[in-house]
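The values are calculated or read from the model by the stated rules, or taken from the named source; none is laboratory data. Everything quoted here is computed from the prediction, not taken from an experiment. Neighbour counts are summed over all protein chains in view; Cβ atoms, including those assigned to glycine, are modelled from backbone coordinates with ideal geometry.
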């Protein structure tokens, strides 16, 4: 597990032995999984557990803002 970003009390990680599609795991009050691309090209929430709605919105905003950098890190880690 590699922490790739921290913001607003959130920790965003990529697991080194994870699977496609490219995604990140976000940890705040609870965990969430966000795909870095969806059919329309934008990040997509897969699931969130024990996160308040505003924390999910914050997580999505961070991933949207840093989408290109997070995709680059995914490719660096997973080849």
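Annotations
- Hey, residue 16 touching a residue at least 24 places away in the same chain (Cβ under 8 Å), assigned to a loop (DSSP other than H, G, I, E, B) and more than 14 Å from residue 70 (Cβ to Cβ) or not: yes
- Listed conditions (1) in contact with a strand residue (DSSP E or B) (Cβ under 8 Å, 6 or more places away or on another chain); (2) surrounded by 13 or more Cβ atoms within 10 Å (Cβ to Cβ) are all met by residue 61, apart from (1).
- Residue check, residue 54 surrounded by fewer than 19 Cβ atoms within 10 Å (Cβ to Cβ) and closer than 15 Å to residue 9 by Cβ: yes
- Candidate set from region 25-51 (those that are over 15 Å from residue 11 (Cα atoms) and in contact with a helix residue (DSSP H, G or I) (Cβ under 8 Å, 6 or more places away or on another chain)); member that is surrounded by the most Cβ atoms within 10 Å (Cβ to Cβ): 43
- In region 1-10, residue nearest to the chain's Cα centre (by Cα) [restricted to those that are within 17 Å of residue 54 (Cβ to Cβ) and outside any loop (DSSP other than H, G, I, E, B)]: 10
- So residue 6, is it in contact with a strand residue (DSSP E or B) (Cβ under 8 Å, 6 or more places away or on another chain), modelled with pLDDT of 95 or more, loosely packed, with under 15 Cβ neighbours inside 10 Å and over 21 Å from residue 79 (Cβ atoms): yes
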